[in-house]
Structures are given as C-alpha cells and as structure tokens.
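Colleague: Structure in structure tokens, see below.
The values are calculated or read from the model by the stated rules, or taken from the named source; none is laboratory data. Since this is a predicted model, take the numbers as computed values, not measurements. Cβ: placed from backbone, ideal geometry, glycine included. Neighbour counts: every protein chain shown.
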Amino acid sequence: MENATHLVHSAFDTTCFLKAIFHYDLFDAWPAHVDFHVVAGVLRLSQKYQVEPLKKRALVHLTERFPTTLEQFGCMEEWGVHPFLVANLAREVSADWILPPTLAACAWADPVHLVLGTHSTGARVSLAPSDAILCLNARDELTAKWTISLLDFLWTPLEISGCTTPIQCLNSRITHRQEGELFR
C-alpha cells in the first residue's frame, strides 16, 4: 500500500487525538467525565506533537482525579482505572505531581501484582521495577507505623476504670501486645 499512512501509535490513541483536534468539544474540559483511556491517548499524542491546549486539558483531567494536596487526598473521583496505568502514564508524560497519590494507591495492590503485574482491560499491566520497589517499601513502612499505632492502645491507660481486676486486665493487655508485636 503505497499511499497508506503507517501510524506508530495505537489506532485508539490516534483516533482520540484526531477527534480532540478536529472536534474540540468532544474532548470536554473538566469537570466533564472523560474516559481515562481517551485522556491518556490525547495526552500522549498532544505531548509528542506539542499541542499545548490539548495537553493542558488532558493534564487537568488527570490532576483533578488524583489530587495533589493532603486536604483533597482520599477524595479522588472514582475513575474505574487501575492505578498502575495512571502511574505509568504519569511517568511517560513527566506528570510527576500525579505520582504520590497514584503510587499510594498502587502500594496497597497485591504484592504479587506489584512484582509480576496484573491484567487490566484485557492487557497485562505492570509498574516499572523501581516503582514496584518504592511501593513495596512504602507498604512495609506504613504497615509498621499503623501496627504500632494500633498496638499502642494496649499500653494506655495503665488502669481502666471499671475493671474489677486491674492486675489481670493489665497482664491480659501486655500478653496481647506481645502477641501483636510478633506481626510487626
């Protein structure tokens, strides 16, 4: 096919990008709900071909769904997309401010999936090894800190009002604390 144009990008990404260019209103600004895969396709190609208005619009969609402040954390709009995909896209387009909330979500993935990847929308998706290690280390650190916080309630107060056998209550709490320490 001599007159055919060969694309180096996926047909889906290219279609989304071209639709966004020629029918700008089909790629609505935030807060319109736009599918992650559409945002990703537009973002990849608008960065590559330096279409700044589209790139900015796509980055706003990404940023609004993965808040970058502690006040907003935990208020992420459900996008129904695996966080591995978002982390990989953020790395690909150098949207580093998206990484903290995204990698926090990744850190709670099954450790096997962190190491070997997982299936999302029919395709195998995995984090870069450095991101997987980062997530595993963060998971261990957070688990240890939360375990300490949870176990601390067994130390205080030393005497529980209303306990009819204070020594027995204290001994029981110490025993439970020691058992809990084994899992730290």
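Colleague: For region 88-111, what are the residues that are closer than 16 Å to ALA58 by Cβ and within 8 Å of the chain's Cα centre (by Cα)?
Modeller: Answer for region 88-111, where residues must be closer than 16 Å to ALA58 by Cβ and within 8 Å of the chain's Cα centre (by Cα): just THR102.
Colleague: Can you name every residue in region 1-58 that is at pLDDT below 90, part of a loop (DSSP other than H, G, I, E, B) and of a type in the set (Phe, Trp, Tyr)?
Modeller: PHE27, TRP30 - these are the residues of region 1-58 that are at pLDDT below 90, part of a loop (DSSP other than H, G, I, E, B) and of a type in the set (Phe, Trp, Tyr).
Colleague: Which residues, taken from region 128-153, are surrounded by 14 or more Cβ atoms within 10 Å (Cβ to Cβ) and more than 28 Å from GLU181 (Cβ to Cβ)?
Modeller: Within region 128-153, ASP131, ALA132 meet the criteria.
Colleague: Now a separate question. Any residue that is modelled with pLDDT of 90 or more, buried (at least 20 other Cβ atoms within 10 Å of the Cβ) and farther than 25 Å from THR118 by Cα - is there at least one of those in region 72-89?
Modeller: No, region 72-89 has no match at all.
Colleague: Search region 112-127 for residues being among the hydrophobic types (A, V, I, L, M, F, W, C) and loosely packed, with under 12 Cβ neighbours inside 10 Å, and hand back the single one that is nearest to LEU62 (Cα to Cα).
Modeller: Ranking the qualifying residues of region 112-127, first place goes to ALA123.
Colleague: What residue, of GLN168, GLN178, is outside any loop (DSSP other than H, G, I, E, B) and surrounded by 11 or more Cβ atoms within 10 Å (Cβ to Cβ)?
Modeller: Going through GLN168, GLN178 in turn, just one is outside any loop (DSSP other than H, G, I, E, B) and surrounded by 11 or more Cβ atoms within 10 Å (Cβ to Cβ): GLN178.
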